[in-house]
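Quick note: the coordinates plus some simple rules give every number you see, no bench work behind them. Keep in mind that what you see is a predicted model, and the values were worked out from it rather than measured. Positions of Cβ are generated from backbone atoms using ideal geometry, with glycine treated the same way; all protein chains shown enter the neighbour counts.
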Amino acid sequence: MTRVLVTGATGFCGRPLVAKLLDAGYAVRAAVRGTPSPPFAPAVEIVDADLATPIDWVPLLAGVDAVVHLAAIAHARARIPDARYDAINHQATAALGQAAHAAGVQHVVFLSSVRAQSGSAADRVLTERMKPAPTDAYGRSKLAAEAALAASGVPFTILRPVLIYGPGLKGNLRALARLAALPLPLPLGGLTNRRSLLGIDNLVGAILLVLQTPTTRGETYLVADPQPITFADIVAAFRAANGRPPGLFGFPPRLIEISARVAGGSDLWDRIGGELVVYPGKLIAAGWMPARDTIAALTAAARPQPPSS
């Protein structure tokens, strides 16, 4: 039985991945900080690992065939020092790669980010052939981690996902879903800029594919749902999740831009009004078959959850 070490196993991506790996017949060792809550299935082996401190990877990698490295500081946040991004996203990944090579691990799958390749907006459709041009410490730390992993000698695959969504929306998408839930018309109908998003089910499918496909080793893949959607479409999907019509009206984008720049600077406006379209053709050619439609999956992700008993 193939044993997979998953770092960041309790995170937004980690939990659904661990469940799918178990379903697919893998033995899973989950690297987490502290005690998982809620707990994992009894079949999951739990080991402690905090990337903010030096880690002895040797016992964590003993008997491991493959690693899926998810743990990181996710997203760009102005209050986080550049050195912390470098320590956790770059240096810890470099140490993992070296230790995995020494331990004879057969494959490391690294969850990088589209921000290793681009800023939060791009004036052309992104493909893997384009030279990476990260615009912030987060993106630079991810790109440096990719280079360190490639230099370590361990067989690797790098995935660069766009913004990920799924049940229990996080970050900017959660804030936008809360805005869309208000019983008020919203002046966002004129935001027809396109954004590529990635459903969590589609990401997990991509990870399982590269784990099972030797020809993906040594490769880097952008990962996104095949069909980009407009910002207005995203809001409309969140409205539909609450049983409401879109309720959007046109408003001069320039005025929205001014407000966004005042509130959060140019990066906030890029995330709202800029385009970021990714073409995932390379991964599709490798055998990836996305299972979920973006609009339907976004609507399902934003649907109010029943209270837990």
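Here the relative contact order of the chain, from alpha carbon pairs under 8 Å that lie six or more residues apart, stands at 18 percent. Shown for 141, 118: other C-beta atoms within 10 Å of each C-beta, ranked fewest to most, produce the order 118, 141. The label point for residue 135 and the one for residue 82, both projected 7 Å from the Cα toward the Cβ, are 1.7 nm apart. When the Cα positions of 31, 122, 216 are compared along the charge dipole of the chain, 122 comes out farthest toward the positive end, with charges on each C-beta of Lys, Arg, Asp and Glu.
At 0.36 nm per residue, minus the direct Cα-Cα distance, what do residue 37 and residue 291 gain on full extension? Give it in nm, one decimal, please. Display every interim value, and only then the final one.
Values: separation 254, 0.36 × 254 = 91.44 nm, distance 2.83 nm.
That pair, residue 37 and residue 291, stretches by 88.6 nm at full extension.
Restricting attention to the chain, the count of lysine pairs at 8 or more positions apart or across chains with alpha carbons under 22 Å apart stands at 5.
Counting neighbouring beta carbons within 10 Å and listing from fewest to most, the residues 107, 101, 75 come out as 75, 101, 107.
Once the Cα-Cα distance is subtracted from the 0.36 nm per residue extended length, the residue 20 to residue 151 segment shows a gain of 44.2 nm.
For Cα extents along the principal axes in Å, the value computed from the atomic coordinates appears in the list (1) 55, 53, 39; (2) 57, 41, 33; (3) 58, 47, 38 under label (3). Going by neighbour counts of Cβ atoms within 10 Å, the residues 289, 1, 130 line up, fewest first, as 1, 289, 130.
Quick check on packing: order 227-234, 43-50 by the mean number of other C-beta atoms within 10 Å, highest mean leading.
Numbers: 227-234: 19.0, 43-50: 14.8.
Peptide ranking by packing, descending: 227-234, 43-50.
In segment 37-74, whose amide N lies under 12 Å from the spot 7 Å out along Cα-to-Cβ of residue 1? List them in ranges. It comes to 42-45, nothing else.
Rounded to the nearest 500, what is the chain's calculated 222 nm mean residue ellipticity when only DSSP H runs of at least 4 contribute -39500 (n - 2.57) each, over all residues? Walk me through the numbers on the way to the answer.
Numbers: 11 runs with 115 residues, N = 309.
About -11000 deg cm²/dmol.
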